[in-house]
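The values are calculated or read from the model by the stated rules, or taken from the named source; none is laboratory data. These numbers come from a predicted model, not from an experiment. Please note: Cβ atoms are built from the backbone with ideal geometry, for glycine as well, and neighbour counts cover all protein chains shown.
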């Protein structure tokens with residue numbers, strides 16, 4: 001394996017840490033997966049075996065597309081959903097679940113907006129871009 005040093009802004013690093021935590025992955029694993037997706041996409045698009053570089057906006061959109069609830073919030077959300085299904089949710093927990101649901105829905109709406117913008121930038125239908133990136137609709141959608 002090759003080690004490569006990458007300099008990130010504080011905001012980029014924080015975002016990567018949040019995304020990794022929300023997915024239960026390491027930052028290094030998230031970065032490797034992102035690189036794999038980008039390289040596959042670029043090689044497929046160029047057909048030449050050489051990848052072109054992404055614009056800054058494409059990179060920002062791809063990071064945003066992968067953003068979800070922070071790890072602890074995601075765990076709490078799943079716990080509360082399970083308790084609701086089991087019928088053992090207290091009134092204050094119900095209010096917390098509503099807040100977390102609102103946040104998850106806001107993030108999902110932002111994700112769709114970013115996907116749509118990326119599809120426009122690349123001149124592709126949204127469904128084709130989602131398939132290409134391996135993006136699936138949220139199970140809670």
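General observations
- Residue 124, sole failed condition from (1) at pLDDT below 95; (2) part of a helix (DSSP H, G or I): (2)
- Neighbours by Cβ (under 6 Å, 6+ apart or cross-chain): first from region 89-113, farther than 16 Å from residue 75 by Cα; second modelled with pLDDT under 95 and exposed (fewer than 12 other Cβ atoms within 10 Å of the Cβ): none
- From the list 57, 4, 50, 32, the one residue that fits, being modelled with pLDDT under 90, part of a helix (DSSP H, G or I) and farther than 18 Å from residue 104 by Cα, is 32.
- Condition met for residue 42 (at pLDDT 75 or above and on the phi < 0 side of the Ramachandran plot): no
- The set of residues in region 68-78 that are crowded, with 16+ Cβ neighbours inside 10 Å and either modelled with pLDDT of 90 or more or under 12 Å from residue 106 (Cβ atoms) (or both) comprises 68, 69, 73, 74, 76, 77.
- Contact annotation: residue pairs with Cβ atoms under 9 Å, 6 or more positions apart or on different chains, pairing a residue in region 25-48 that is over 14 Å from residue 66 (Cα atoms) with a partner that is modelled with pLDDT of 70 or more and surrounded by fewer than 11 Cβ atoms within 10 Å (Cβ to Cβ), are 42/53.
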